[in-house]
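Read the structure below first, then the notes.
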């Protein structure tokens, strides 16, 4: 059994600034479960264009609000209790409303190494390789 607290995750060096927020990686590839689970904070007022070509991702919003917009322009409201899953390696833009950060529980499959980050300043979608 693996049991970790937020403090344990930080002590393991698994708090990562992913570009427009932070990610506490509770489980990573080295844990041997085949998926990653994160506490992901997305900074208020920012938008990030993302695409995971090698990973599927599902997120559940815990607090804050925003939008996820897919490549065809369809926008989905994100608020506490909303889950979205990128089941087709969907290119998307995650936009956080101003005023408060967006807190998500994120799950990636296959598992992340744990040190991946994004570069939101580069043109186009950012993703983990």
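Could you pull out the residue among 111, 85 that is outside any strand (DSSP E or B), under 14 Å from the mean Cα position of the chain (by Cα) and either in contact (Cβ under 8 Å) with a residue 24 or more places away in the chain or on the phi > 0 side of the Ramachandran plot (or both)?
One residue alone meets the criteria, 111.
Quick one: residue 91 ticks every box in (1) closer than 20 Å to residue 113 by Cβ; (2) modelled with pLDDT under 95 bar one, so which box is it?
Exception for residue 91: condition (1).
Being surrounded by fewer than 16 Cβ atoms within 10 Å (Cβ to Cβ) and touching a strand residue (DSSP E or B) at 6+ places or on another chain (Cβ under 8 Å): is that true of residue 23 here? Spell out how you get there, then give the answer.
On the way: surrounded by fewer than 16 Cβ atoms within 10 Å (Cβ to Cβ): no; touching a strand residue (DSSP E or B) at 6+ places or on another chain (Cβ under 8 Å): yes.
In short, no.
For the stretch 42-56, which positions are surrounded by 21 or more Cβ atoms within 10 Å (Cβ to Cβ) and modelled with pLDDT of 95 or more?
Within the stretch 42-56, just 42 meets the criteria.
I'd like to check something: does the stretch 83-95 contain any residue that is closer than 23 Å to residue 6 by Cα and surrounded by 15 or more Cβ atoms within 10 Å (Cβ to Cβ)?
No - not one qualifying residue is present in the stretch 83-95.
Which numbered condition trips up residue 98, out of (1) out of contact with any helix residue (DSSP H, G or I) (no Cβ under 7 Å at 6 or more places or on another chain); (2) part of a strand (DSSP E or B)?
So the condition that residue 98 fails would be (2).
Whether any residue in the stretch 70-78 is surrounded by 15 or more Cβ atoms within 10 Å (Cβ to Cβ), touching a strand residue (DSSP E or B) at 6+ places or on another chain (Cβ under 8 Å), on the phi > 0 side of the Ramachandran plot and without any contact (Cβ under 8 Å) to a residue 40 or more places away in the chain is what I want to check.
No, the stretch 70-78 contains no residue that is surrounded by 15 or more Cβ atoms within 10 Å (Cβ to Cβ), touching a strand residue (DSSP E or B) at 6+ places or on another chain (Cβ under 8 Å), on the phi > 0 side of the Ramachandran plot and without any contact (Cβ under 8 Å) to a residue 40 or more places away in the chain.
The values are calculated or read from the model by the stated rules, or taken from the named source; none is laboratory data. Everything numeric here is computed off the predicted structure, so don't read it as measured data. Positions of Cβ are generated from backbone atoms using ideal geometry, with glycine treated the same way; all protein chains shown enter the neighbour counts.
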